[in-house]
Amino acid sequence: MTERPRRSCLSVPGSSPKMLGKAAGLPADEVFMDLEDSVAPMAKEEARGNIIQALKEGDWTGKTVVVRVNAVSTRWCHRDVIEIVENAGQFLDCLMVPKVENAHEVAFVSTLLDQVEATIGLDRRLGLEIQIETATGLTNIDDIATASDRAETLIFGPADMSASLGLPTVTAGLPMPGYPGDHWHHVLMTILIAARNAGLQAIDGPYLVIKDLDGFRDMSMQARALGYDGKWALHPGQIDVLNEVFTPTQEEFDKAEAILEAYAHATDVDLTGAVMFGTEMIDEASRKMAEQLATRGRAAGMDRHKVLDDFLIAQGEGQ
């Protein structure tokens, strides 16, 4: 699997040439151009042309570039895939497939991509991002996550999931009054576990109250605390919050790198399987935790500020 930075995933309606034109210059890790829910049925075919033009004319250097097609159950999906990939596939990294409920839907898009890529001689293999938005999709999630080796992410869709579950709300993504805790915890953890089991990234969905940056930050921090790799942004003003929240702090990054250094010395030089890191005992499990955090920091362009001795001296262990 290609693991791309996806701290911030900006949604851009395919029906808005103005928004599409601005997206390339924004600091989001990923931009996905939408043909689905943000585009009216009568505007979907025109939106394809808008997206193709934006893909060709924009400078997408350094970004993960994605198009969200319509659901496989709709009449637009196959033409979305064919027209977008035939005309601008060389500028794409992935297609996003919404409202996935069964593994065969992923297999359909993957096979269609096989055919289109072969027909046009595309010199890259596009990935798939998969949205879980219904009770049926959540029930079948493990089969869905492993349905194609093109898959790169599982994405939580709170609005359609709210409708599917019959929740008493019309604003998805917010805490639920009357429930003593996070009513999405089970859903988020189910998606996360299925994603990690399949070797995929896990992405949280949107927060619809776009001017409430404090609430947005709180929900983003909860997703990050669970282990999610990123979250959607519906407005450019949300991007900086996501890039901050889903990037390790400098202290976290430095400690992770120091643990990796200390453990490498212990195993390669001292030939021990566990070692004291200041007041902590670290072992192979510690290395795995440190590696995933350090990898996120490196992907975000972080540089190490503290060396190993800094941590040991702070705990009275250094020279």
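Coordinate-derived values only; no laboratory data. This structure is a prediction, so every number in the text was calculated from the model and none was measured. All Cβ positions, even for glycine, are placed from backbone atoms using ideal geometry, and neighbour counts span all protein chains on display.
General remarks:
- Cross-link partners of Lys44 among lysines, defined as those whose alpha carbon lies under 23 angstrom from its own and excluding same-chain residues fewer than eight positions apart: Lys18, Lys22, Lys56, Lys99.
- Beta-bridge orientation, the chain: approximately 10 percent antiparallel, per DSSP, counting only bridges with both partners inside.
- Pairs of Cα atoms farther than 25 Å apart, the stretch 41-193, %: 35 percent
- Thr119/Asp142 FRET efficiency (R0 35 Å; Cβ-Cβ; nearest 0.05): 0.65
- In this simple spin-label model, placing a label point 7 Å from the Cα along the Cα-to-Cβ direction at both Met176 and Ala225 gives a separation of 1.9 nm.
- The stretch 1-47, dipole about Cα centre (Lys/Arg Cβ +1, Asp/Glu Cβ -1), debye to the nearest 20: 240 debye
- Charges were assigned to the Cβ only: +1 to each Lys and Arg, -1 to each Asp and Glu. The resulting dipole of the stretch 1-149 about its Cα centre is roughly 460 debye.
- Phi-derived couplings, Karplus 6.51 cos²θ - 1.76 cosθ + 1.60 at θ = phi - 60°, listed residue by residue for the stretch 194-199: 5, 5, 5, 4, 8, x Hz, with x used for Gly and Pro.
- Distance between the pseudo-spin-label points of His185 and Asp309 (7 Å out from Cα toward the beta carbon): 4.5 nm.
- Relative contact order (%) - criterion: Cα under 8 Å, at least six apart; region: the stretch 53-119: 38 percent
- Relative to the current alpha-carbon distance between Asp240 and Gln90, full extension at 0.36 nm per residue lengthens the span by 51.2 nm.
- Using the Cα coordinates of the stretch 25-106, the gyration tensor eigenvalues translate into equivalent-ellipsoid semi-axes of 21, 15, 12 Å, sorted from longest to shortest.
- Residues whose amide H comes within less than 5 Å of that of Val275, counting only those at least five positions distant or on another chain, are Ile282 (H built at 1.01 Å from N in the peptide plane).
- Dipole of the chain, positive direction: furthest Cα of Leu167, Pro206, Leu55, with charges on the beta-carbon: Leu55
- Normalised convex hull volume, the stretch 156-200, alpha-carbon set, Å³ per residue: 74 Å³
- The phi torsions of the stretch 126-143, fed into the Karplus equation with coefficients 6.51, -1.76 and 1.60 and a -60° offset, translate into couplings of 6, x, 10, 10, 10, 9, 9, 9, 9, 4, 5, x, 5, 5, 9, 5, 5, 5 Hz, rounded to whole numbers, with Gly and Pro shown as x.
- Cut-off 11 Å between beta-carbons: net charge of the residues surrounding Ser38, Lys and Arg +1, Asp and Glu -1: -1
- Size of charge dipole - the chain - debye, nearest 20, with Cβ of Lys, Arg +1 and Asp, Glu -1, no other charges: 880 debye
- Compactness of the stretch 201-294, taken as the C-alpha radius of gyration over 2.2 N^0.38 Å, stands at 1.40.
- In terms of the mean number of neighbouring beta-carbon atoms within 10 Å, the peptides 127-136, 217-226 order highest first as 127-136, 217-226.
- By the rule of a C-alpha distance below 20 Å, with chain neighbours fewer than 8 residues away ignored, the aspartates and glutamates paired with Lys211 are Asp240, Glu244.
- Where labels lie 7 Å past Cα in the beta-carbon direction, separation of Asp214 and Thr249 in nm: 2.1 nm
- For a straight C-alpha distance cut-off of 14 angstrom, the aspartates and glutamates reachable from Lys306 (same-chain residues fewer than eight places away being disregarded) are Glu251, Glu252, Asp254, Glu257, Glu261.
- In angstrom, the C-alpha Rg and Dmax of the stretch 124-169 are 12.3, 44.
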